1. Count, please, the residues in region 361-406 that happen to be surrounded by 20 or more Cβ atoms within 10 Å (Cβ to Cβ), farther than 15 Å from TYR137 by Cα and either within 16 Å of the ligand (Cβ to nearest atom) or of a type in the set (A, V, I, L, M, F, W, C) (or both).
2. Quick check on this structure: which one of PRO134, PRO148, PRO163 is more than 16 Å from the ligand (Cβ to nearest atom) and out of contact with any strand residue (DSSP E or B) (no Cβ under 9 Å at 6 or more places or on another chain)?
3. Could you pull out the residue among ASN330, ASN342 that is over 20 Å from GLY139 (Cβ atoms), open to solvent by 10 Å² or more (accessible area, probe 1.4 Å), over 22 Å from the mean Cα position of the chain (by Cα) and polar (S, T, N, Q)?
4. Filter region 40-77 for residues that are surrounded by 15 or more Cβ atoms within 10 Å (Cβ to Cβ) and either at positive phi or without any contact (Cβ under 8 Å) to a residue 24 or more places away in the chain (or both) and give the result.
5. For residues that are within 16 Å of the ligand (Cβ to nearest atom) and not aromatic (Phe, Trp, Tyr), scanning just region 118-131, find the one that is surrounded by the fewest Cβ atoms within 10 Å (Cβ to Cβ).
6. Quick one: GLU169 ticks every box in (1) within 16 Å of the ligand (Cβ to nearest atom); (2) charged (D, E, K, R); (3) out of contact with any Ser or Thr (no Cβ under 9 Å at 6 or more places or on another chain) bar one, so which box is it?
7. For region 3-54, enumerate the residues that are assigned to a loop (DSSP other than H, G, I, E, B), under 21 Å from the mean Cα position of the chain (by Cα) and hydrophobic (A, V, I, L, M, F, W, C).
8. What single numbered condition from (1) open to solvent by 60 Å² or more (accessible area, probe 1.4 Å); (2) modelled with pLDDT of 95 or more; (3) under 26 Å from THR396 (Cβ atoms); (4) in contact with a helix residue (DSSP H, G or I) (Cβ under 9 Å, 6 or more places away or on another chain) fails to hold for ASP175?
Amino acid sequence: MVPDIEGVYRDDLMEKAGRKLVSPDIDAVLLTHAHADHVDYISFLHEKIPIYMGSTCHMMLQAIQDRSSSDFEREVLEYKPVHSKRGEPKIQRKIETFRSGKKFKVGSLEVLPIHVDHSIPGAYGFIIYTSEGPVVYTGDIRLHGTKPEMTEEFIREAKAAKPIALLCEGTRIKDEPTNESEERVYKESNKLVSKTNNLIFADFNFKDIDRVRTFYNVAKENGKKLVVKIRDCHYLKHLSADPQLDVPNFDDENIVIYKPKYRSGTYADSDYVGDDSFFASLPNAKTASEISANAGKYLCALGYFQFTSLIDMKPKNGTVYIHSASEPYNEEQVIALDRVNNWLEHFGMKKYQIHCSGHAKGEDLLHVVKDIDAKMLYPIHTEHPTEYVKVTNKLTIVEEGKKYQI
Ligand SMILES: [Zn+2]
């Protein structure tokens, strides 16, 4: 699915594909944040191409790398060439980190990164100063999250730059208006949790640290412990090191680590700890039967991919399942939802949808574009680019594979 661009990809992959090797002619890749749809295909790039990212984004990628089993699409910070021998060192990419508000240079261009609020820490927008004028890219943004002042700062700076071009995301440009907020997720979940003395499941993306904090606080407020997966401990380990993020580490007294029964049918540590000695002893780990024996004491951050654990946990009829992620928007996700519903129905569990999106709603996006008021708008990351005609007639609908000159 990656586009056929010369001088971009890794030599080992080009060789494997029977293509001739061309040394890279790209000065930089600017990464806005660590979500898979923005970062994963860096894995295919030539290691000589420098990748620029925020320091927090870099930390997030280290956590993702630690947590994932080695996978072709997760070779972002380093990679193992195909056909490399056992024990051969991995190839490290050139990573350049930046901080919000600190300009850096790429050739003749000056780039100013500014933090924005999104459903993952370490997200940025860019103002790129060119000889023809500034070009602005929003990255993924929202104004209804926990730190709207960051996105507002970006909009202010972008507007002041008087850009000749704005590349704006438009994921939810056509969605119905909502009054969602992280505060609402907290309040609604807290209400549900305070009324139940039973097991509770919360299904959410662990990269969304705001959501981790929300459910950690809900559990704590109600005298329960938050049950997390072993793999998610990597996020807590890395991110708790940054006091600004205000995340507990995995050995926090209000956190319990779920100890799944592994393929061997045992609970042997070596089964799932692997070679990461850091997790060799897990004092606060509990098995399914230990958790279900004290069901009222736990809020489980376990979702769809851990549903087989329900067989061991034996949730009672009426057990609450909070789906705290976006509603399905494609066919694959609808099928996944059918499976979720089958599991829930089997155990007589009750589902609640409580979520706050990482993307700005339509009215906010229109306000962003109007406010920044660039000479030309290029909507990207959207299926409905023409929606922006509501606020501008200086619009270019981009086509895949086409080059645009400013
Ligand atoms: Zn994103």
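1. Summing the residues that are surrounded by 20 or more Cβ atoms within 10 Å (Cβ to Cβ), farther than 15 Å from TYR137 by Cα and either within 16 Å of the ligand (Cβ to nearest atom) or of a type in the set (A, V, I, L, M, F, W, C) (or both) in region 361-406 gives 1.
2. Selected residue: PRO148, the only one of PRO134, PRO148, PRO163 that is more than 16 Å from the ligand (Cβ to nearest atom) and out of contact with any strand residue (DSSP E or B) (no Cβ under 9 Å at 6 or more places or on another chain).
3. Answer to the selection: ASN342.
4. Selection gives GLN65, LEU77.
5. My answer is ILE120.
6. Unmet for GLU169, out of (1) within 16 Å of the ligand (Cβ to nearest atom); (2) charged (D, E, K, R); (3) out of contact with any Ser or Thr (no Cβ under 9 Å at 6 or more places or on another chain): (3).
7. Selection gives LEU31, ALA34.
8. If we test ASP175 against (1) open to solvent by 60 Å² or more (accessible area, probe 1.4 Å); (2) modelled with pLDDT of 95 or more; (3) under 26 Å from THR396 (Cβ atoms); (4) in contact with a helix residue (DSSP H, G or I) (Cβ under 9 Å, 6 or more places away or on another chain), just (2) comes out false.
The values are calculated or read from the model by the stated rules, or taken from the named source; none is laboratory data. Because the structure is a prediction, the values reported are computed rather than measured. FYI the Cβ positions are ideal-geometry reconstructions off the backbone, even for glycines, and counts take in every protein chain you see. Remember, those area values only see protein heavy atoms, side chains included, never the ligands or the DNA or RNA. Shrake-Rupley method; radii C 1.70, N 1.55, O 1.52, S 1.80 Å.
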